[in-house]
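Novice: Handing you a structure now.
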Amino acid sequence: MIFLKSESEIEKMRESAQLVSRTLAEVAKHIEPGVTTAKLDQIGEEFIKKHNGRPAFKGYGPKGNEFPATLCISINEEVVHGIPSESRVLEEGDIVSIDCGVEKDGFFGDHAYTFAVGECDEETLKLLSTTLESLTKGIEQAVHGNKVGDISNAIQRHCEAEGFGIVRDLVGHGLGKSLHEDPSVPNFGRANRGERLRSGMTLAIEPMVTMGSWKVETQDDGWTVVTADNSIAAHYEHDIVVREGKAEILSTFDYIREITKNRIPVGIHG
């Protein structure tokens, strides 16, 4: 079932989304070679709790295999849902995707950003830029009267035109009082297909793009999703509201830009 949000509910969602945005920026201060993903997770959890939020991912999932951390931290060939640990250390040239979710005042925020660790090669920078651009193109289609397939097709066409793969096994989703709501928002598909978009729908749009094949596998921990061909992958995500004429973005990357402006590689923007 799809839930259209009132303006007061959208404002609460904005607060949750903005807390995620500020959490990602706080974590970004510490992204450098030598830091462990467990340390980044600790920083994220402390920041969320300090600002009266609840980590939405920690404890999420099927009984007996609940996600054990606050942040999903995925490095290089890890697409999403990487589990932070003391043994996982960032290295020069890595890319690291950090996905964060919070619940505040009964509403959820959930978005992600892929960071370059130090200097990366040109093809990696192209992957990051293309994935960010595809997110923008998908959001441009999230307007009243369009269909979910218009978002999906815009993302797919942009990424595949640049020679990259679009993950099909994982998709974006509705968002609100639950972390995952209807409708599903694939990053691939045909235009003018799927659920019709209506003002007040709130979505998490999140292209997951690979340097190679779109095929993925889940590791034995039951969470970490990796590319089947071991190619690197990028992941960006925004929370948006469907509106007449132009979608409204509830989350922001501005806080991240403020932190990374002196370290962000040439060619990465968004």
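Every read-out reported here was derived from the displayed coordinates using simple, explicitly stated rules and does not represent laboratory data. This is a predicted model, so every value here is computed, not measured. Neighbour counts are summed over all protein chains in view; Cβ atoms, including those assigned to glycine, are modelled from backbone coordinates with ideal geometry.
So that you can scan it fast, the table gives a plain yes or no per residue for (1) out of contact with any strand residue (DSSP E or B) (no Cβ under 6 Å at 6 or more places or on another chain); (2) acidic (Asp, Glu); (3) free of Cβ contacts under 8 Å to residues at least 60 places away in the same chain:
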| position | (1), (2), (3) |
| --- | --- |
| Gly200 | yes, no, no |
| Val209 | no, no, no |
| Val216 | no, no, no |
| Glu237 | no, yes, no |
| Ile240 | no, no, no |
| Glu244 | yes, yes, no |
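Novice: Filter segment 12-46 for residues that are assigned to a helix (DSSP H, G or I) and hydroxyl-bearing (Ser, Thr, Tyr); which is farthest from the chain's Cα centre (by Cα)?
Specialist: From segment 12-46, those assigned to a helix (DSSP H, G or I) are 12-28, 37-46; that's our starting set.
From the residues that got through so far, the ones that are hydroxyl-bearing (Ser, Thr, Tyr) too are 16, 21, 23, 37.
On the way: Ser16: 15, Ser21: 11, Thr23: 13, Thr37: 17 Å.
Among them, the one singled out is Thr37.
Novice: Six or more apart or on different chains, Cβ under 8 Å: which pairs go from a residue in segment 99-120 that's at positive phi to one that's surrounded by 23 or more Cβ atoms within 10 Å (Cβ to Cβ)? Could you list them?
Specialist: Asp105/Ser16
Novice: Name the residue that is surrounded by the most Cβ atoms within 10 Å (Cβ to Cβ), counting only residues in segment 137-183 that are among the β-branched types (Val, Ile, Thr) and more than 19 Å from Leu197 (Cβ to Cβ). Please lay out each step first, then the result.
Specialist: Let us first name the residues in segment 137-183 that are among the β-branched types (Val, Ile, Thr), namely 139, 143, 148, 151, 155, 166-167, 171.
Restricting the remaining residues to those that are more than 19 Å from Leu197 (Cβ to Cβ) gives 166-167.
Numbers: Ile166: 22, Val167: 24.
For segment 137-183, the residue satisfying everything is Val167.
Novice: Ok, one more. Hey, can you tell me all the residues within segment 200-230 that are over 25 Å from Ile151 (Cα atoms) and in contact with an Asp or Glu (Cβ under 7 Å, 6 or more places away or on another chain)?
Specialist: Selection gives Thr224, Ala228, Asn230.
Novice: If you go through segment 184-222 one residue at a time, how many are surrounded by 19 or more Cβ atoms within 10 Å (Cβ to Cβ) and within 22 Å of Gly101 (Cα to Cα)?
Specialist: If we filter segment 184-222 for residues that are surrounded by 19 or more Cβ atoms within 10 Å (Cβ to Cβ), which is where we start, we get 185-189, 194, 197, 201-211, 214, 216.
From what's left, within 22 Å of Gly101 (Cα to Cα): 185-187, 201-209.
Count: 12.
Novice: Something else now. Mind checking which residues of segment 53-74 are of a type in the set (Gly, Ala, Ser), touching a residue at least 40 places away in the same chain (Cβ under 8 Å), more than 16 Å from Lys104 (Cβ to Cβ) and out of contact with any His (no Cβ under 9 Å at 6 or more places or on another chain)?
Specialist: Going residue by residue through segment 53-74, those that are of a type in the set (Gly, Ala, Ser) are 53, 56, 59, 61, 64, 69, 74.
Checking the rest, the ones that are also touching a residue at least 40 places away in the same chain (Cβ under 8 Å) come to 53, 56, 61, 74.
If we keep only those that are more than 16 Å from Lys104 (Cβ to Cβ) too, we end up with 61, 74.
If the condition is that a residue be of a type in the set (Gly, Ala, Ser), touching a residue at least 40 places away in the same chain (Cβ under 8 Å), more than 16 Å from Lys104 (Cβ to Cβ) and out of contact with any His (no Cβ under 9 Å at 6 or more places or on another chain), then Gly61 is the only one that fits.
Novice: Show the residue pairs that are 6+ apart or on different chains and have beta-carbon atoms under 7 Å apart, the first residue being within segment 22-40 and closer than 17 Å to Gly101 by Cβ, the second being among the hydroxyl-bearing types (Ser, Thr, Tyr) and outside any helix (DSSP H, G or I).
Specialist: Cβ pairs passing all conditions: Leu24/Tyr113; Thr37/Ser85.
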